[in-house]
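Asker: Sending over a structure as structure tokens; questions will come in a sec.
The values are calculated or read from the model by the stated rules, or taken from the named source; none is laboratory data. All values reported here derive from a predicted model rather than from experimental measurement. Reconstructed Cβ throughout: ideal geometry from the backbone, glycine too, with neighbour counts over all protein chains shown.
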Amino acid sequence: MPTPHPFTLSVRDIVQKPGRMREVEETAPFGEKVGEGLATVLPDQPVELDARLESVHEGILVTGEAFVTALATCSRCLVEFDLDVEVDFLELFAYAGASETDYLVVDETVDLLPVVRDAVVLALPFQPVDRPDCSGLDPETGERLEPGTEYVPKETIDPRWAALQGFTEDVTDDKSEDGAQAPKKE
Ligand SMILES: [Zn+2]
């Protein structure tokens, strides 16, 4: 029989004793990667769980918080960074047949792992940014722009550059139609 995850908590002491309650602190990794996309929690990353187990008539009411550091990739500049995630949850683990819930008290335990995991998944951002003023990448060079700066596209024809271009053409193009710019012939 596999060892239960540390977030599977025994409630033997408070089962069927409405009014009794107990607080629990546990720290354990999920054991699998959680989240898809740009922010994920790695399998070995410790998750801190702080829960309050309360015996009610229908079952065990669990309220709590969890903290974990996710690995995120900035959606603007693609840099990787640590993202602290904090979630709150509230769930009723019912006695079989006592109430319509997603979770049940099984063998006098409550399994908080799926509850915490689902709460963390919902809290992971779709488009994480490493800092609020991240300016992303320069579309031309691909390098990170200085935070707080705004990308300003270069004008396609800078007047000074255009003048220089004309000059270069005049000097190098010996076969100009009118010959006016070919001083060697004079
Ligand atoms: Zn960024």
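Asker: May I ask you to list the residues in the stretch 27-44 that are surrounded by fewer than 18 Cβ atoms within 10 Å (Cβ to Cβ) and either at pLDDT 95 or above or more than 15 Å from the chain's Cα centre (by Cα) (or both)? I'd like the intermediate steps shown before the answer.
Answerer: At the first step, the residues of the stretch 27-44 found to be surrounded by fewer than 18 Cβ atoms within 10 Å (Cβ to Cβ) are 27-29, 31-33, 36-37, 42-44.
Listed by number, the residues that qualify are T27, A28, P29, G31, E32, K33, L42, P43, D44.
Asker: Checking S75 against (1) over 30 Å from G136 (Cα atoms); (2) surrounded by 15 or more Cβ atoms within 10 Å (Cβ to Cβ), which test does it fail?
Answerer: It fails just one condition, (1).
Asker: From G64, G37, which residue is part of a strand (DSSP E or B) and either aliphatic (A, V, I, L, M) or more than 12 Å from R117 (Cα to Cα) (or both)? Step through it out loud before you land on a result.
Answerer: Details: G37 fails: part of a strand (DSSP E or B).
Within the list G64, G37, the selection yields G64.
Asker: Follow-up. How many residues are within 16 Å of the ligand (Cβ to nearest atom), β-branched (V, I, T) and outside any loop (DSSP other than H, G, I, E, B) if we restrict to the stretch 67-111?
Answerer: Here is the first cut: in the stretch 67-111, the ones within 16 Å of the ligand (Cβ to nearest atom) are 70-83.
Still in the list and also β-branched (V, I, T): 73, 79.
Pick out the ones that are also outside any loop (DSSP other than H, G, I, E, B) and you get 73.
Residues meeting the conditions: 1.
Asker: Out of all the residues in the stretch 133-147, is one or more more than 24 Å from the chain's Cα centre (by Cα), more than 12 Å from the ligand (Cβ to nearest atom) and free of Cβ contacts under 8 Å to residues at least 24 places away in the same chain?
Answerer: So in the stretch 133-147, the residues more than 24 Å from the chain's Cα centre (by Cα) come out as 140-141.
The next check asks that each one be more than 12 Å from the ligand (Cβ to nearest atom); those that pass are 140-141.
Filter once more, keeping what is free of Cβ contacts under 8 Å to residues at least 24 places away in the same chain: 140-141.
Yes; the residues of the stretch 133-147 include at least one that is more than 24 Å from the chain's Cα centre (by Cα), more than 12 Å from the ligand (Cβ to nearest atom) and free of Cβ contacts under 8 Å to residues at least 24 places away in the same chain.
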